[in-house]
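Structure first, then comments.
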Amino acid sequence: MRLLACATAAALVLGGFAAPAEAATSAYGYAWADGQGRLRLVPKKAARVKGTKFHRLASAAGVKELRLGYAKAAYGRVTTACDLKETEGRVALDGNGLGRTRCAPADLTASLARGPVPVRVEYRGGAATRVNEILLNEWPAPRTATGTIKRVNDTTVLFASGGKTVKLGYTYATTFSRTTARCGDGWLTGRPVNADKNGLGKKPCRWTDLTKALKTVRYPVLAKVDYTPGSDALNQVWEVFGDA
């Protein structure tokens with residue numbers, strides 16, 4: 001019986017080694033909140049800028065957006081404290097240029113609420129195991145364009161222009177210029193008393209008003225936007241009078 005028990009235990013041990021845990025995969029990019037408690041990230045090509053602590057991110061072909069839970073992920077910040085919004089001139093980086101201030105998933109949630117976060121993510125399956133901030137040598141330049149926007153969720157839209165569609169995220173820093181009399185009106189509802197000579201909205205409103213207005217329409221609507229390619233940040237939206 002003792003020999004049988006030992007043989008069974010050995011088989012279990014060997015069986016465990018025969019099926020090792022899934023190896024972690026890593027990706028660089030701009031992390032966004034997906035509105036459902038996960039982060040979303042389109043993988044980018046990343047490289048250290050020689051002789052500096054900075055990284056450079058560039059578009060990669062044929063990649064798909066990742067959506068990762070991070071409830072148990074280790075979060076390394078480039079700031080010297082977890083609750084800082086900016087580095088304030090002091091950074092905490094390891095030898096690979098990754099944020100090394102140990103923070104909690106709740107701190108990552110707070111960072112994502114402020115906008116895109118340049119990161120390196122390690123993940124297994126659909127869950128991030130480690131998220132480290134990185135410093136960029138420069139952020140992409142914003143641009144303006146006219147096209148259509150369609151709501152994805154309370155913080156994300158699809159913007160279509162020139163035959164291309166990109167997913168853009170927005171936060172409390174996003175401004176919304178309306179043609180309507182009130183910020184809380186539906187899209188282009190009521191008398192358009194706040195349009196300029198080009199039909200662009202000129203009443204200053206907030207990002208929450210954008211969310212509310214987009215919930216009143218089922219189809220894409222005409223808009224002018226200021227956005228940042230690469231990080232896919234939606235900076236400003238102008239409602240356009242005439243898109244009835």
(request) Select from segment 189-216 the residues that are among the hydrophobic types (A, V, I, L, M, F, W, C) and touching a residue at least 60 places away in the same chain (Cβ under 8 Å) and list them in ascending order. (result) 214
(message) Looking at 47, 110, 127, can you tell me which residue is touching a residue at least 12 places away in the same chain (Cβ under 8 Å) and over 28 Å from residue 175 (Cβ atoms)?
(response) 127
(request) For residues that are over 22 Å from residue 42 (Cβ atoms), in contact (Cβ under 8 Å) with a residue 40 or more places away in the chain and open to solvent by 60 Å² or more (accessible area, probe 1.4 Å), tally how many sit in segment 60-92. (result) 1
(message) Criterion first (open to solvent by 40 Å² or more (accessible area, probe 1.4 Å), part of a loop (DSSP other than H, G, I, E, B), over 19 Å from residue 153 (Cβ atoms) and in contact (Cβ under 8 Å) with a residue 40 or more places away in the chain) does residue 242 satisfy it?
(response) yes
(request) Kindly indicate whether any position in segment 177-191 is closer than 25 Å to residue 111 by Cα and in contact with a Ser or Thr (Cβ under 8 Å, 6 or more places away or on another chain). (result) no
(request) Name the single residue, out of those in segment 1-50 being among the hydroxyl-bearing types (Ser, Thr, Tyr) and touching a strand residue (DSSP E or B) at 6+ places or on another chain (Cβ under 9 Å), that is modelled with the lowest pLDDT. (result) 25
(request) Determine which single condition residue 212 fails, assuming it passes every other condition in (1) in a helix (DSSP H, G or I); (2) charged (D, E, K, R); (3) crowded, with 21+ Cβ neighbours inside 10 Å. (result) (3)
(message) Just the residues that are open to solvent by 50 Å² or more (accessible area, probe 1.4 Å) and touching a residue at least 60 places away in the same chain (Cβ under 8 Å), please, taken from segment 171-188.
(response) 173, 175
(request) All but one of (1) open to solvent by less than 70 Å² (accessible area, probe 1.4 Å); (2) of a type in the set (Gly, Ala, Ser); (3) over 24 Å from residue 173 (Cα atoms); (4) in contact (Cβ under 8 Å) with a residue 40 or more places away in the chain hold for residue 29, so report the exception by its number. (result) (3)
(message) Tell me the residue from 95, 115 that is of a type in the set (Gly, Ala, Ser), surrounded by 16 or more Cβ atoms within 10 Å (Cβ to Cβ) and not in a strand (DSSP E or B), please.
(response) 115
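Among residues belonging to segment 118-148 that are in a loop (DSSP other than H, G, I, E, B) and among the aliphatic types (A, V, I, L, M), point out the one that is most open to solvent (accessible area, probe 1.4 Å). Spell out the reasoning first.
Start the filter on segment 118-148 by keeping residues that are in a loop (DSSP other than H, G, I, E, B), which leaves 125-126, 135, 137-142.
Narrowing the set further to residues that are among the aliphatic types (A, V, I, L, M) leaves 135, 141.
On the way: 135: 28, 141: 74 Å².
This residue is 141.
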(message) Considering only residues that are without any contact (Cβ under 8 Å) to a residue 60 or more places away in the chain and either surrounded by fewer than 15 Cβ atoms within 10 Å (Cβ to Cβ) or outside any strand (DSSP E or B) (or both), which ones fall in segment 149-170?
(response) 162, 163, 164, 165
(request) Go through segment 38-73 and count every residue that is part of a strand (DSSP E or B), out of contact with any helix residue (DSSP H, G or I) (no Cβ under 9 Å at 6 or more places or on another chain) and within 16 Å of residue 134 (Cβ to Cβ). (result) 10
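Can you confirm whether residue 221 is touching an Asp or Glu at 6+ places or on another chain (Cβ under 7 Å), aliphatic (A, V, I, L, M) and under 30 Å from residue 49 (Cα atoms)? Spell out the reasoning first.
Values: touching an Asp or Glu at 6+ places or on another chain (Cβ under 7 Å): yes; aliphatic (A, V, I, L, M): yes; under 30 Å from residue 49 (Cα atoms): no.
In short, no.
Take residue 227 and decide whether it is in contact (Cβ under 8 Å) with a residue 12 or more places away in the chain and either in a loop (DSSP other than H, G, I, E, B) or in contact with a Cys (Cβ under 9 Å, 6 or more places away or on another chain) (or both).
Details: in contact (Cβ under 8 Å) with a residue 12 or more places away in the chain: yes; either in a loop (DSSP other than H, G, I, E, B) or in contact with a Cys (Cβ under 9 Å, 6 or more places away or on another chain) (or both): no.
Spelling it out, it is not the case that residue 227 is in contact (Cβ under 8 Å) with a residue 12 or more places away in the chain and either in a loop (DSSP other than H, G, I, E, B) or in contact with a Cys (Cβ under 9 Å, 6 or more places away or on another chain) (or both).
The values are calculated or read from the model by the stated rules, or taken from the named source; none is laboratory data. Just so you know, these numbers come straight off a predicted model, no measurement behind them. Cβ sites come from the backbone with ideal geometry, for glycine too, and all protein chains shown count toward neighbours. For accessibility, only protein heavy atoms count, side chains too; no ligands or nucleic acids. Shrake-Rupley method; radii C 1.70, N 1.55, O 1.52, S 1.80 Å.
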